[in-house]
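The values are calculated or read from the model by the stated rules, or taken from the named source; none is laboratory data. Since the model is a prediction, treat every value here as computed from it, not as a measurement. Here the Cβ positions follow ideal geometry from the backbone for every residue, glycine too, while neighbour counts run over all protein chains shown. Just the protein is used for accessible areas: all its heavy atoms, side chains included, with ligands, DNA and RNA removed. Shrake-Rupley method; radii C 1.70, N 1.55, O 1.52, S 1.80 Å.
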Amino acid sequence: MEASTSSKPELAGALPLLLHDMGPRHGGGDRMTQYTIAGESRMTHTIDELRDYRCFETQQGWVLAVADVDDDNDGGEAFLNCAVLIFDLDDYEIWACKIGGGDEWENYSYTLTMYDAADNPRPRHIARRHGVAAVAGKVYFELSGNELGVITFDDSSAMELGGVDVGMVDLTMPMGSTYLVESSGDLFLVVVFFDGDDVHTIAELAVYKMDFDMPAWCKVDGIGEDRVFLLGGDRLGHSNFGASCSASASGMRGNCVYFLNHISTHENYLHVIDMGKGTEEVFLGFLILLLEALPLLHFLFHGVMAAPALGDVIGGGDEWENYSYTLTTFDAADNPRPRHIARRHGVAAVAGKVYFELSGNELGVITFDPAIDLGGVDVDMVDLPLTKPMGSTYLVESSGELFLVVVFFDGYDVHTIDELVVYKMDFAAPAAWRKVDGIGDDRVFLLGGDRLGHSNFGASCSATASGIRGNCVYFLNHISTDENYLHVIDMGKGTEEVRRPFRDMGYPLPLRPPFWLLPTD
C-alpha cells in the first residue's frame, strides 16, 4: 500500500479517515499520515491547524485542538444550538461551552461513588474507560451493571447527574470493550468481544439498541444500510470513542462497524465488520509507521508440543518427542476457529495430566497413554459481568489441587485491579469451580506471563520456605502497557499492596516482561 501526498480538498473529500501523527518525539517531524476508510489507502498531508496540538475527536466531526489559537470560524449557523463538553480524564471535572453563545467555558465538578462486591466505596469517573454519547440533548454514559448514567443541563446551565435503570450486557469472554454510539437520534451499545486474552483478535461483535420505553438494551442484527459506526479511543485505560455517519455520503459500505483497535498493544489494526454478511476484514494501515517507531519482536507458534520421551525421566536421557495437534472451537455464529492450547490461556499440570482453558463450558485435558490424547472436562467457566469488561485468567497447581485465578481490572484500566477471585476445581461429578476465600497460610500464588496476547503463567510455592507472607497472590502485571507493577493481594486480610520494582528502568518496556524463578519444592 503506497502513501501519497494530498491536497486539502482531497483530504476533505476522503472523510472519514484516520489520522496518525507520529510527532517529533518519534523522529517524524511534521509528518502526518492519513488512512482513508473508503479508499483503504494511506496518504500524507500536514494539517497546519492541528500540528503540534493535542487533538480530540468528537462524534459530530469537530476536532478540539488544545492550544491558545485564534479562530475566526464560528462553525456556521447549523451549530448555534449545540454545546461542546470536555471531560477531564485526570480529574472529576467537565468543561462546557455553548456554540454561538460566547467564548466562555463553564466548569463543573462532580462526585460519583460506586460500591464493589464487599460494599467498599469506589470513585467513578464518567468518561475514563467508558463510552459517552449525546442523544436528544442528554449525555449518556456507562455507570454500572444495572444503570445507565445521564447528564442534563437546565435553563440556568446547572448540571444534574441522573440514571436510567437498565440491565447491561454480561460478558462471557475474559476481555471486551464497550462503546456508546448515537446514530440517527437513537442510542446504541457496541460490545467488542476479544478472543480470550488476545486483544488483537475479535471473537464477536454485538450491537444493542436502547429502548427507552422499557427501558432495555435490545440486540439488533444491523445498524442500517446507510449507516456506519466508527469506534476507537485513546490508549488502553484512557477513553473509548464511538460515532456514526452516513455510508453513501462517505463512499463507504453500509451496515458496517469500523473498529480501530486502540486496545491492541502491537498495532492499531482496523477491523471492518459487515453486520449484513457476517464477515470481518482486517486492515494494517499503520504497520510500516509502527515498525519505524518501535522495533518489535514477533513469536511464531505452529501448534507443536515437545515433551520428553515417555520412557525417559529427567536425568534419564535427552530425547524429545514431538506432537502436532489440531483444536477447533466454534463461535456464536457456528464458525470454526483454530484454538491454541497455551497462547493466551493458562496451563497447569496436576496428577500426571495437563489442564488448559478450552472454552466457556469445557476444561481441556492432555494425557499420555503412551500416545498424546486431547480431551475435556465438562465444566462451566466463570462469567465476567459488563461492569468488569477486562480480566485475565490463570491456572495454578498447588499441593496437588487445580485452581483458577481471575484478575478483574478496573474497567479498561489494566494498571488497576478491581478484584481478584480464586476458584478451586472440584472434580467430583459434576465438575465445578468452587470459589475459595484463601489458598492456605503456607501457600503463595505467583502470576505473570508474556506480553498481552502471548501467554499466561501461574505457579505456587511454600510461603515459609520462601520467607514470604502466606495466603497471598503475587501478580506481576504483564498486561500493563506502562510499567510492570507487582500487585500483592493478601486474601486473608483483603488488602492489596502495589510495588514498583522496575520504576527506574524507564520507557519503553522490555519486549519480554520480567518472569518468575521458582524454588523446586
What's the total number of residues in region 483-512 that are in contact with a strand residue (DSSP E or B) (Cβ under 8 Å, 6 or more places away or on another chain), in a loop (DSSP other than H, G, I, E, B) and either polar (S, T, N, Q) or modelled with pLDDT under 60 (or both)?
1
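When you go through Val166, Val191 one by one, which is the residue that is crowded, with 20+ Cβ neighbours inside 10 Å and either free of Cβ contacts under 8 Å to residues at least 40 places away in the same chain or assigned by the TED database to the domain that holds Asp234 (or both)?
On the way: Val166 fails: crowded, with 20+ Cβ neighbours inside 10 Å.
So the residue among Val166, Val191 that is crowded, with 20+ Cβ neighbours inside 10 Å and either free of Cβ contacts under 8 Å to residues at least 40 places away in the same chain or assigned by the TED database to the domain that holds Asp234 (or both) is Val191.
Can you tell me which residue is nearest to Lys388 (Cα to Cα) among those in region 197-226 that are among the charged types (D, E, K, R) and surrounded by 13 or more Cβ atoms within 10 Å (Cβ to Cβ)?
Our first condition is that a residue be among the charged types (D, E, K, R); within region 197-226, this holds for 197-198, 204, 209, 211, 213, 219, 221, 225-226.
Okay, now just the ones that are also surrounded by 13 or more Cβ atoms within 10 Å (Cβ to Cβ), so 197-198, 204, 209, 211, 226.
On the way: Asp197: 14, Asp198: 17, Glu204: 17, Lys209: 21, Asp211: 23, Asp226: 33 Å.
Filtering region 197-226 for residues that are among the charged types (D, E, K, R) and surrounded by 13 or more Cβ atoms within 10 Å (Cβ to Cβ), the one nearest to Lys388 (Cα to Cα) comes out as Asp197.
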For region 102-114, does any single residue satisfy the condition of being of a type in the set (D, E, K, R) and modelled with pLDDT of 80 or more?
yes
Taking the stated definitions as given, is Leu446 surrounded by 16 or more Cβ atoms within 10 Å (Cβ to Cβ), out of contact with any Ser or Thr (no Cβ under 8 Å at 6 or more places or on another chain) and not in a loop (DSSP other than H, G, I, E, B)?
no
Read through the list (1) buried (at least 18 other Cβ atoms within 10 Å of the Cβ); (2) in contact with a strand residue (DSSP E or B) (Cβ under 6 Å, 6 or more places away or on another chain); (3) modelled with pLDDT of 75 or more, then give the number of the only condition that Asn471 fails.
(2)
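Listed here are the residues, each with its yes/no results for (1) under 23 Å from the mean Cα position of the chain (by Cα); (2) assigned by the TED database to the domain that holds Asp426; (3) at pLDDT below 75.
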site	(1), (2), (3)
Gly317	no, no, yes
Glu321	no, no, no
Val347	yes, yes, no
Phe356	yes, yes, no
Asn361	yes, yes, no
Phe368	no, yes, no
Leu374	no, yes, no
Pro385	yes, yes, yes
Return yes when Thr367 is open to solvent by 10 Å² or more (accessible area, probe 1.4 Å), in a strand (DSSP E or B), within 19 Å of Phe475 (Cβ to Cβ) and among the polar types (S, T, N, Q) and no when it is not.
no
Filter region 123-139 down to residues that are open to solvent by 60 Å² or more (accessible area, probe 1.4 Å) and either on the phi < 0 side of the Ramachandran plot or in a strand (DSSP E or B) (or both), then give me how many there are.
2
For region 414-468, name all the residues that are under 22 Å from Ser177 (Cβ atoms) and of a type in the set (Lys, Arg).
Arg451
In region 336-360, anything surrounded by fewer than 12 Cβ atoms within 10 Å (Cβ to Cβ) and touching a residue at least 12 places away in the same chain (Cβ under 8 Å) is listed as Pro338, Ala351, Gly352
Scan (1) closer than 25 Å to Gly145 by Cβ; (2) modelled with pLDDT of 80 or more for the single condition Asp198 breaks and write down its number.
(2)
With criteria (1) buried (at least 18 other Cβ atoms within 10 Å of the Cβ); (2) at negative phi, Gly411 comes up short on (2)
